[in-house]
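Some notes on the structure that comes next.
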Amino acid sequence: MHLSAVLRIVGLLLMLFSITMLPPALVSVLYGDPGLVPFLASFAVILAVGGLAWLPVRNARYDLRTRDGFLVVVLFWVVLGITGGLPLYLAEDPAIPLTDAAFESLSGLTTTGSTVLAGIEELPHSIRFYRQQLQWLGGMGIIVLAVAILPMLGVGGMQLYRAETPGPVKDTKLTPRIAGTAKALWYIYLSLTIACGLAYWLAGMSVFDAIGHSFSTVAIGGYSTYDASIGHFDSPVISLICVIFMIIAGINFAMHFVAWRDRSLRHYLRDTEVRWYLAILATLAAVVTVTLFVTGEEAGWLDTAHHGVFQVVSIATTAGFASTDFAGWPVFLPVLLIMAAFIGGCAMSTAGGIKVVRFVLLLKQGYREILRLIHPQAQVLVKMGRRAVDERVINAVWGFFAAYIALFALMMLVLMGTGLDQVTAFSAVAATITNLGPGLGGVADNFGGLGPVAKWVLMFAMLLGRLEVFTLLVLFTPAFWRR
């Protein structure tokens, strides 16, 4: 392992991240709020820290190994999560404790969307913009961005890309060079953001709100510039725009690239994961809408369909926007929605959860085991579409699922040990490890009432979800550190 090369890259990436303090500083100037000094100070501090990390090892140029890539990614997300909270901590109004500032920053960057803040619309415009910007940067992964625009890193970009990109298809390259792949992903991401922002603006949002919500919609983050989220606008048209772009952002971005390259939509219909993804959303929307109508929770079919479909797409894609108080819905609906977030969106999308492809493979593997009980000698293949899935992939999915559930249970018990009730502890861990955002019980409104221990545990859960468990866990194994 080349620790000097790792430190050099982390320093470069921190210096790159320091530039993201300048747009909120400009917003502060435009709106005349008190955020200018905290953001400029944060820019200087993060730039200095990155420079001090980079300077002593600036000539350490080695080809990155896979282990080096994992270490860079984890170190960067941890350091970035803490330093990203610096402008929030330095702000005088509101006064935000260090733990809360780190929680808010990491929640934004991991596109979790859980917040410890209340009275969002009363915050300075610079902080409101910064929260949205954090989610946009984290949505596709700032390290993928770095691979795209910093070829001077002089490292094997594939190692960073594999460690950063979510989903079980990390080795998929859309172009011959990994930098080209990263650029292609970001061009698509940027194009969707611009289209979403224009749609929001044409639907009646202000320029500030349209930009902010386009950031968090395409990133499937869930932060809003208002406490009431999308419900603040009370507009079915805005909700529909949000639903469309959440669905698009929850689809594998490789599908978007192929569709753009071939000028055809047929690839979406042929892809097994996309078909399952859309079928799951449609089924959940039907169940929720019918249940809401039968229970009379919403007034009339229009409002029922509006809120039912919106909340299904928002929660199932792990965006976490709200058009109404879904935590207060009757019977099984709140828990059903939280459980849907565990499935999440497609691999190589900005959505969280275990990913649809893993869910499908788990179902197919379970069905294969049933067939083997009936026909012990039969050779039953697990297929995605017409292609048989390698046994190593299936084993990896089972391993991922086992680790995911075990860690979920452990963190839930730790939270209950801090004094939280079962519903709050369950939903808090579920909301963070799936990168969903909102929870139930004591965290239905925000996470500000939790103690410091619970918040740090949930920050660990956010990282687990964003880095797909194994990228983070591998650092805790002795084998990782052996030469």
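What follows draws every value from the coordinates through simple rules; no lab data is involved. This is a predicted model, so every value here is computed, not measured. FYI the Cβ positions are ideal-geometry reconstructions off the backbone, even for glycines, and counts take in every protein chain you see.
In the stretch 364-426, the ratio of gyration radius to Kirkwood radius, Rg to Rh, stands at 1.23 when only Cα atoms are counted. Label sites at residue 332 and residue 191, each approximated as a point 7 angstrom past Cα along Cα to Cβ, lie 4.1 nm apart.
How long is the gain from residue 60 to residue 325 if the chain were fully straight, where each residue apart is worth 0.36 nm and the alpha carbon distance is subtracted?
Numbers: separation 265, 0.36 × 265 = 95.40 nm, distance 5.32 nm.
Result for the pair: 90.1 nm of gain on full extension.
Does the stretch 241-362 classify as rounded, prolate or oblate by the C-alpha gyration tensor (a ≥ b ≥ c root eigenvalues; a/c under 1.5 gives rounded; else a/b over b/c gives prolate, otherwise oblate)? Note, shape of the stretch 241-362 comes out prolate.
Placing unit charges on each Cβ (+1 for Lys and Arg, -1 for Asp and Glu) gives the chain a dipole about its Cα centre, and among 95, 295, 417 the Cα reaching farthest toward its positive end belongs to 417.
In this rough spin-label picture, where each label sits 7 Å from Cα along the Cβ direction, the residue 262-residue 301 distance is 3.8 nm. Whole percent per 5 Å bin, from 0 to the bin with the longest distance: what is P(r) over all C-alpha pairs of the stretch 332-456? For the stretch 332-456, the pair-distance distribution reads 2, 10, 17, 19, 15, 12, 10, 7, 5, 3, 1, 0. For the pair residue 286 and residue 208, label points projected 7 Å from Cα toward Cβ lie 4.4 nm apart. Per residue, the convex hull spanned by the Cα atoms of the stretch 413-459 measures out at 60 cubic angstrom.
A convex hull fitted to the Cα coordinates of the stretch 310-404 yields 130 cubic angstrom per residue. Legend: calculated FRET efficiency, residue 473 to residue 380, from the Cβ-Cβ distance at R0 = 25 Å, rounded to 0.05, equals 0.25. Computed log10 I(q)/I(0) for the chain at 0.07, 0.13 Å⁻¹: -0.35, -1.28, from the Debye equation with unit scatterers placed on every C-alpha and solvent omitted.
The packing ranking, built from the mean of other Cβ atoms within 10 Å per residue, places the peptides 48-60, 259-271 in the order 48-60, 259-271, highest first.
May I ask you to compute the full-extension gain from residue 22 to residue 44, defined as 0.36 nm times their residue separation minus their alpha-carbon distance, rounded to one decimal in nm?
Working: separation 22, 0.36 × 22 = 7.92 nm, distance 1.04 nm.
Computed gain between residue 22 and residue 44 is 6.9 nm.
With a Cα cut-off of under 18 Å and a minimum spacing of 8 residues unless on different chains, the lysine pairs in the chain number 6.
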